[in-house]
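Inspection log for the structure reproduced underneath, given as structure tokens.
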Number of protein chains: 2
Amino acid sequence: MYKAPVEEISFTLNHVVGLSGAIDAGRLGDLSQDLVDAILEEAGRFATNEMAPLGEVGDRQGARISDGAVTTPDGWADLYRNWREGGWNGLTGPEAYGGQNLPHMLNVAALEMWNSASMAFALAPTLTMGAIEALDKHGSDELKAIYLEKLVSGEWTGTMNLTEPHAGSDLGVLKTRAERRDDGSYRIFGQKIYITWGEHDAADNIIHLVLARLPDAPAGTRGISLFLVPKFLVNEDGSLGARNDVFCHSIEHKLGIHGSPTCTMIYGDGKFGEEKGAIGWLVGEENKGLACMFTMMNNARLAVGMQGVAIAEAATQKAIEYARERTQGKAPGWTGSGMSPIIEHPDVARMLLTMKALTQGSRAICYACAHAIDMAHHSQGDEAKAWSERAALLTPIAKSFATDAGVDVASLGIQVHGGMGFIEETGAARYLRDARIAPIYEGTNGIQAIDLVTRKLPLSGGGQVGGFIAELKEVAERVASSNEPAFGRTAEGLQAAISDLEAATEWLLKAQAEGRVAEALAGATPYQRLFGLVLTGVYLAKGALAPAEDGKGAHRIALCRFAVENLLPETAALNRQVIEGAASLEAARGVLA
Amino acid sequence: MYKAPVEEISFTLNHVVGLSGAIDAGRLGDLSQDLVDAILEEAGRFATNEMAPLGEVGDRQGARISDGAVTTPDGWADLYRNWREGGWNGLTGPEAYGGQNLPHMLNVAALEMWNSASMAFALAPTLTMGAIEALDKHGSDELKAIYLEKLVSGEWTGTMNLTEPHAGSDLGVLKTRAERRDDGSYRIFGQKIYITWGEHDAADNIIHLVLARLPDAPAGTRGISLFLVPKFLVNEDGSLGARNDVFCHSIEHKLGIHGSPTCTMIYGDGKFGEEKGAIGWLVGEENKGLACMFTMMNNARLAVGMQGVAIAEAATQKAIEYARERTQGKAPGWTGSGMSPIIEHPDVARMLLTMKALTQGSRAICYACAHAIDMAHHSQGDEAKAWSERAALLTPIAKSFATDAGVDVASLGIQVHGGMGFIEETGAARYLRDARIAPIYEGTNGIQAIDLVTRKLPLSGGGQVGGFIAELKEVAERVASSNEPAFGRTAEGLQAAISDLEAATEWLLKAQAEGRVAEALAGATPYQRLFGLVLTGVYLAKGALAPAEDGKGAHRIALCRFAVENLLPETAALNRQVIEGAASLEAARGVLA
């Protein structure tokens, strides 16, 4: 059973990405290390003791629908109430509406633990937090007054309604329409699919944020507006009024995250209310809806990255536990009596160390992204811009590398379990099933790669990525000058991998500057992975170089060395894919015709 | 919907691995090209039209159990009858018992098609074929006379009973016991798990081959005997008699292959018959059971490799079809109206080409293994030994590389489908669920790697692998001397990859010669993948160099170039893992303690 790795999380926050440094420098207001420790400790306790035991039942039962009403798995409604009553939903929420306004670093750490315990469950608050952010940044004071407090407390949950059957990655073609009404409200008509927690029985009201098009809107992405559409209308005294004209038509039968209802929502079908049309209110300006969505999408992407980290962590724990207990055959050098635990076999050790390295690397990348968001929030001027850009640069890598790692690590976890891994009751297969959605939603990893290459690399004329690479080199040099023999060839390995990253980065910037966009895009996914691998090595090295007050320094050095010497050699191949692979890809298009 | 790629299969058999050459040289008896074509054509028709439509229902319904009776999915019993009445079960079976004694090459080609249509269904005959082989090679004339004809026709199915809860990869510790009886029969007692198609309603009788231990047997693997245990005893006139004392206790709830009942079988519990104990007969000699099993296990491993090829093929077809139809966004250079088909996006094209290259590479490796088996069968003396060794060398690569490819390609297939890929009704997720068992059963891929490194590389003192590598170099040289510009950097790429293979091979042989077994085993899995990637490139090149009477030569060259320039650069990283990775792996063991 999953046990929240509070020490590892705390170490990563404090010593790899710089939480304790920011606290010491007074950059995070009156936040104290003691409060941080207490929050992580308590989140770990809740995730381990309260949430994890209900993960399996959620997978087995799944969400169920009957007459438009969605029932969550046994115990989940109570679990949700206990969770929100613990104040977890408002960790980063605005103080004016009952939130604690704590750093994102703490929230992503908590999100990791919720998602390890049950990714399907953790999706509900993930969506609510996105809605809070959009409303807080773009909503009118009136909308905020009515909705924010209940969303921050978690009494009501939120959803994001983007996708339609013909509009997935390309939202420009969405058809849901909104009509203006004289009282300043709007009426919404249309169908939205893949709406996570679009309908359920764990909260009194559900606040939908819906992208739709006004009758006179320009075509494409510049004609999309964002609307708030509550399931139940809210009376002036704050009590719940009539049911709005929106309902859940059906829920999807999915590979994983069975406990999370994935809903098809119908707006304005006349099922409820006297006049057809779901009543909604504009969030932000007309035709600027996509910009509103995007401001919150960056954080949502990081939250999905955390799902990858979370599944990787849980799958790794489970596999290590199994490999220690299961005995089979005799590993080379085994001198014990009878069969050896399979963890002694070099091939099994390779799988488990790969799992650990990818998990820890992904965690550090995601936390570093949260750190940059927090630093941007607590800085001004050029410094704020630089941190903002750093967060922007890291977001697609965090989302894609961590979610790919989630899938790969979960798949390795099945392999470590052998035949048992294929049996559902074992629980290893669930991690793969759950993890598999994360590289897809919230912008597929291919779209993250396009974003990384075309929008993030050019930030500050390439200065942002250039400065970041210079920082990475410093870490490699610190390893070199540490004269610590246990690092083996880590310094050379890091330097070679960073050179690959540098070469690929320069090539991509040049290709784009010369208008060779298709060539750059052909290498976008290998480049994204290359970046993630380099960061994995560098962040593991940062941890290994940090003072090891917990006595685990030798382990950190060893894991770093394993990652650099076994996983990072791939960067050379990825670099070649980026700078040499496009021509053969283009030449082979006929094969697919 | 899957459509059997008969042309591609035929081309690979004839022009990549040498079926037509062997026919022309008279090496395969009176087999004619016309017969080959007719068989492939008809197998393709049956797989496409009869079998594939029933794959989905099998996944959805799964096998069901009630009171020890297992019901297969709707339509499967009829499908099985139609299939065996077509004579497909006895394709390679012994002629004396009604088989057609055709080359393994044809059977693996057919197996590919059955498995693409429904891997869960195809498992039934796969196991039966294994039982036929074991019985034909090791059974007494009396046992053969009673059982073989019905097994070859497929009227009865066969099973392999190896695994017990504590004996999976390590069969030496199995506990099922056999007692001698005065009439020459034995009584079997024990529990076997993960018995594929151990009980079902599609055949009149089920013939179990069971590994068990005699009371006076030596400990470990040298004390295991093989027994034939029929579900129904067979009367002297060949009619079915009493129910034997064996039954299916339960079936597993699995990630995939739902239609295939995975049974826990109980022998000798006294549920049937007057005297406790399942009645069985010895196959081969006492205490030599494992050797009997191993002779058929090589072919079974190749058959599992075919499952990987089959799933990869089906998943690739589905993804290409979707990517041609689904429109979203505008790809660079897109001049059509509206959104472009997603296949136009470079990143999607990269995924699809990777899928195609891995599928075709895996197919060629598996077919080449079957070719070697057939050539060994039709040769004498040193030549037979050389082909036998070639088959032995290729078997672990075929099994592991193709099954890993099955998982990777199926996962890419989901990614190409975006959100749709996560919805079960789409069918893309089923391929991943089904594929995920293949790297595990029939010897995990880690065990294949141990076999490859410790038993196959040393064949003929390293001469077998050395000779093979020399052949691979010849292909690279033929590419170089072809002066075909469309090959791009294929020749250099192949040469570099083969050099990596050569270096890693020499290092592994040396390490073992020096007694550094743990070091060799630490790199076994990366080495196995390295070998598979090199063979993928070389076999694609062989196809690309072959006369292109079908007008697809340009496509073959382009796919080969894509694979060599985009996938094969990984061999350098794998080589480094083999020859440099062991030390850091060993140093990091403490991390897992």
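Observations, loosely collected:
- Scanning the range A:432-451 for any residue that is of a type in the set (D, E, K, R) and either within 24 Å of A:S10 (Cα to Cα) or touching a His at 6+ places or on another chain (Cβ under 7 Å) (or both) turns up nothing.
- Note on the range B:480-506: residues that are within 14 Å of chain A (Cβ to nearest Cβ) and either part of a helix (DSSP H, G or I) or over 15 Å from B:C560 (Cα atoms) (or both) total 13.
- Filter pass, B:I311 being at pLDDT 95 or above, in contact with a Gly (Cβ under 8 Å, 6 or more places away or on another chain) and within 23 Å of B:R187 (Cα to Cα): no
- Considering A:T48, A:T92, the condition of being within 22 Å of the chain's Cα centre (by Cα), without any contact (Cβ under 8 Å) to a residue 60 or more places away in the chain and surrounded by 14 or more Cβ atoms within 10 Å (Cβ to Cβ) is satisfied by A:T92 alone.
- Of residues in the range A:416-437 being more than 10 Å from every other protein chain (Cβ to nearest Cβ) and of a type in the set (G, A, S), the one surrounded by the fewest Cβ atoms within 10 Å (Cβ to Cβ): A:G427
- Flag if A:R561 is under 15 Å from B:A588 (Cβ atoms) and either of a type in the set (F, W, Y) or out of contact with any Leu (no Cβ under 8 Å at 6 or more places or on another chain) (or both): yes
- Residues satisfying the stated conditions in the range A:425-474, i.e. farther than 14 Å from B:L432 by Cβ, charged (D, E, K, R) and within 25 Å of the chain's Cα centre (by Cα): A:E442, A:D451, A:R455, A:K456, A:E471
- Any chance B:V453 is crowded, with 24+ Cβ neighbours inside 10 Å, β-branched (V, I, T) and within 13 Å of chain A (Cβ to nearest Cβ): yes
- Filter result (assigned to a helix (DSSP H, G or I), farther than 12 Å from A:F11 by Cα and more than 7 Å from chain B (Cβ to nearest Cβ)) within the range A:555-583: A:I557, A:C560, A:A563, A:V564, A:L567, A:T571, A:L574, A:N575, A:V578, A:I579, A:A582
- Unique match (being at pLDDT 95 or above and under 23 Å from B:D136 (Cα atoms)) among B:A217, B:A203: B:A203
- Just one of the listed residues (A:L127, A:L171) is closer than 16 Å to A:A212 by Cβ and in contact (Cβ under 8 Å) with a residue 24 or more places away in the chain, namely A:L171.
- Selection status of B:A558, more than 22 Å from B:A349 (Cβ to Cβ), among the small types (G, A, S), crowded, with 18+ Cβ neighbours inside 10 Å and under 28 Å from the mean Cα position of the chain (by Cα): no
- Each residue in the range A:395-415 was checked for being more than 9 Å from every other protein chain (Cβ to nearest Cβ) and more than 20 Å from the chain's Cα centre (by Cα), and 2 of them qualify.
- Residues of the range A:332-365 that are surrounded by fewer than 22 Cβ atoms within 10 Å (Cβ to Cβ) and in contact with a Pro (Cβ under 8 Å, 6 or more places away or on another chain): A:P332 alone.
- Residue that is surrounded by the fewest Cβ atoms within 10 Å (Cβ to Cβ), among those in the range A:469-497 that are in contact with a Lys or Arg (Cβ under 7 Å, 6 or more places away or on another chain) and either under 28 Å from A:K385 (Cα atoms) or of a type outside the set (G, A, S) (or both): A:V475
- Yes/no for B:E549 being of a type in the set (D, E, K, R) and not in a helix (DSSP H, G or I): yes
- Search result, residues across the range A:332-365 that are within 8 Å of chain B (Cβ to nearest Cβ), more than 33 Å from the chain's Cα centre (by Cα) and at negative phi: A:P332, A:M339, A:H345
- Of the listed requirements (1) within 30 Å of B:G86 (Cβ to Cβ); (2) within 14 Å of chain A (Cβ to nearest Cβ), B:T221 misses just one: (1).
- The condition of being of a type in the set (G, A, S), crowded, with 20+ Cβ neighbours inside 10 Å and closer than 30 Å to B:V246 by Cα does not hold for B:G68.
- Residues satisfying the stated conditions in the range B:373-384, i.e. free of Cβ contacts under 8 Å to residues at least 24 places away in the same chain and either within 13 Å of another protein chain (Cβ to nearest Cβ) or among the charged types (D, E, K, R) (or both): B:D382, B:E383
- Per-region count, the range A:192-223, residues within 23 Å of A:M129 (Cα to Cα) and either out of contact with any Gly (no Cβ under 6 Å at 6 or more places or on another chain) or hydrophobic (A, V, I, L, M, F, W, C) (or both): 20
- Residue within the range B:170-189 that is within 14 Å of another protein chain (Cβ to nearest Cβ), out of contact with any Ser or Thr (no Cβ under 9 Å at 6 or more places or on another chain) and closer than 30 Å to B:G259 by Cα present: yes
- Filter pass, A:N445 being surrounded by fewer than 16 Cβ atoms within 10 Å (Cβ to Cβ) and of a type outside the set (K, R): no
- Tallying residues that are touching a residue at least 24 places away in the same chain (Cβ under 8 Å) and within 7 Å of chain B (Cβ to nearest Cβ) within the range A:584-593 yields 1.
- Strands (runs of 3 or more DSSP E) (entirely within the range A:219-331) containing at least 3 residues that are in contact (Cβ under 8 Å) with a residue 60 or more places away in the chain and out of contact with any Leu (no Cβ under 9 Å at 6 or more places or on another chain): A:246-251, A:262-267
- Applying the condition of being of a type in the set (S, T, N, Q) and assigned to a helix (DSSP H, G or I) to the range A:14-41 and asking which residue is surrounded by the fewest Cβ atoms within 10 Å (Cβ to Cβ) yields A:Q33.
- Test: residue in the range B:105-123 that is over 29 Å from A:I342 (Cβ atoms) and touching a strand residue (DSSP E or B) at 6+ places or on another chain (Cβ under 6 Å): no
The values are calculated or read from the model by the stated rules, or taken from the named source; none is laboratory data. Note that this is a predicted model, so its numbers are computed, not measured. We place every Cβ from the backbone using ideal geometry, glycine too, and count neighbours over all the protein chains shown.
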